[in-house]
Amino acid sequence: MELETLVEKFKEKDLKSFEKLYKMYSKSVLGVINNIVRDHYIAQEIMQDVFIKIWENSDAYSDEKGRFFTWILNIARNAAIDKVRSKSYKNAQKNQNVDFFVDIIENNESLDKQTDTIGIRQFVAKLSEKCKTVIDMLYFKGHTQQEASEILEIPIGTIKTRNRMCISELRTILDL
């Protein structure tokens, strides 16, 4: 079944379409969320919330604004960032024991594979070094533009310009 048809049926609240879309995208969504929150169990909870949210707001998606997968990833990324910024998450992180951090390091090697199940990293690798850095900070590590600006010690305006330029360059590579 074509993606467009699947998405249309999904918007009509077709449960089988939802299940197919879940199977198609859940690993990638989980990888992006896990890359931000760095806790597999919390990432799974957020992913479930994201899929419930897209189900409840399926009529909000418009193919004129962008691709379906991008829409889901933006919702997932925002949900993960919201969780990381929440007080309860910050307080829980203060109370983690050493074993938790060792587990993150051991599992971190597989995060790239989870995040990259659609193969986007191979296209990002073709970008200039400046673009790779900005895309990695904003999309793979989940930093806001302001945070990326502070970490990279680059003005926020430059980050925003590079982001637009790099996404445009990536679209050209992907031929969108």
Interchain or long-range residues, amide H under 5 Å from Lys141's placed H:
none
Could you give the length gained by full extension between Lys13 and His40, i.e. 0.36 nm per residue of separation minus their alpha carbon distance, to one decimal place?
6.8 nm
Which entries of Lys87/Lys141; Lys65/Lys126; Lys83/Lys132; Lys87/Lys126; Lys27/Lys87; Lys87/Lys130 have Cα-Cα distances beyond 29 Å here?
Lys87/Lys126; Lys87/Lys130
Neighbours of Ser58 by Cβ distance under 11 Å: Lys/Arg at +1, Asp/Glu at -1, summed charge -1
Model label zone, Trp55; criterion: amide N under 15 Å from point 7 Å along Cα-to-beta-carbon; scope the range 1-33:
10-26
Taking every alpha carbon pair in the range 115-168, what does the distance histogram look like in 5 angstrom bins from 0, in percent?
4, 22, 33, 24, 13, 5, 1
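Throughout, read-outs are computed from the coordinates displayed, never taken from laboratory work. What you see is a predicted model; the values in this text were computed from it and never measured. Neighbour counts are summed over all protein chains in view; Cβ atoms, including those assigned to glycine, are modelled from backbone coordinates with ideal geometry.
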